[in-house]
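First up is the structure itself, then whatever we jot down about it.
The values are calculated or read from the model by the stated rules, or taken from the named source; none is laboratory data. Fair warning: this is a prediction, and the values are worked out from it, not measured in the lab. Don't worry about glycine lacking a Cβ; one is built from the backbone with ideal geometry, like all the others, and counts go over all protein chains shown.
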Amino acid sequence: MSQPIEARDVTLRYRLDRANVGTIKEAAVRTIRRQRKVEWIHALDGVSFEVARGEIFAVVGPNGAGKSTLMKVIARVLPPTTGRVIVRGQVAPMIELGSGMNPELTARENIILYGSMLGRDPRHMRERVGPIVEWAGVEEFVDVPTRSYSSGMMGRLAFSVATDIEPEVLVVDEVLSVGDKAFRAKSQARMNQLINGGSAVVVVSHSIEMLKNLATRAMWLDRGRIKMLGPADEVLGGYQTSG
């Protein structure tokens, strides 16, 4: 049976252009002479793995290892340079919540906009405005420009939009901490509901103990490459002792 997530030899690289110039004149001369120093940085380098339905797959590694880049590739935010990532079904991305929202628009307008950016039908999002703002606790401000929202209100609204489906794939970059204690508990309960519903879950976190209690398998990334892949207790234990 095909898995919800299949990554095959995924590589993503960025071009760094180091001109090393001190003046505009030097920059112009080097541009004309094409004497730029070009470097390529591999954020991901030949990464392959699968995630099954109902599986919780942890990704760990030091800062700069490529974890967040991988999450964006799975969430279809970034295309890989080479290789393939096949994601079957709807995706609920818990990464950079609210980055697609416009502060000049109202919550109602942002719900439709953000939902559309996540690949959902705008007509469906219009029908879901009421339940979304109610769950986020901002129903009194649904027609107020979100520039007047606090960061917590924006985070709650974005979380409510992102999780207003029963996704086949759930992508979580770090443990969510939006809102107050009560809302964090409410957010965690919704995440648990999605996980228990059979979603394939990929989660990034620096909390190794939390991942040990949550994940079934894990992958350790280091400088964009897989250092270890296998059962969660083995991979997380190895990563924990390495530091």
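Inspect the stretch 113-123 for any residue being touching a Phe, Trp or Tyr at 6+ places or on another chain (Cβ under 9 Å), crowded, with 20+ Cβ neighbours inside 10 Å, more than 21 Å from A52 (Cα to Cα) and not charged (D, E, K, R) and give the result as yes or no. No, the stretch 113-123 contains no residue that is touching a Phe, Trp or Tyr at 6+ places or on another chain (Cβ under 9 Å), crowded, with 20+ Cβ neighbours inside 10 Å, more than 21 Å from A52 (Cα to Cα) and not charged (D, E, K, R).
The residue list T146, T216 contains one member that is farther than 14 Å from V59 by Cβ and in contact with a strand residue (DSSP E or B) (Cβ under 9 Å, 6 or more places away or on another chain), which is T146. Restricting the stretch 207-231 to residues that are outside any strand (DSSP E or B) and in contact (Cβ under 8 Å) with a residue 60 or more places away in the chain, the residue that is nearest to T82 (Cα to Cα) is G224. All of V204, V142, V175 fail the test of being under 16 Å from the mean Cα position of the chain (by Cα), surrounded by 15 or more Cβ atoms within 10 Å (Cβ to Cβ) and modelled with pLDDT of 90 or more, apart from V204. For the stretch 196-219, the count of residues that are acidic (D, E) and touching a helix residue (DSSP H, G or I) at 6+ places or on another chain (Cβ under 8 Å) is zero. Restricting attention to the stretch 117-137, does a residue exist that is over 21 Å from the mean Cα position of the chain (by Cα) and among the small types (G, A, S)? Within the stretch 117-137, one or more residues are over 21 Å from the mean Cα position of the chain (by Cα) and among the small types (G, A, S). Please work out if R147 is charged (D, E, K, R), closer than 30 Å to A182 by Cβ and surrounded by fewer than 17 Cβ atoms within 10 Å (Cβ to Cβ). Spelling it out, R147 is indeed charged (D, E, K, R), closer than 30 Å to A182 by Cβ and surrounded by fewer than 17 Cβ atoms within 10 Å (Cβ to Cβ). Checked against the criteria, A136 counts as out of contact with any strand residue (DSSP E or B) (no Cβ under 7 Å at 6 or more places or on another chain), closer than 29 Å to F57 by Cβ, of a type outside the set (S, T, N, Q) and modelled with pLDDT of 90 or more. Of the residues making up the stretch 215-225, those that are surrounded by 18 or more Cβ atoms within 10 Å (Cβ to Cβ) and either modelled with pLDDT under 90 or more than 14 Å from E55 (Cα to Cα) (or both) are W220, L221, G224. For the stretch 3-30, filtering for residues that are at pLDDT below 70 and of a type in the set (S, T, N, Q) leaves 2.
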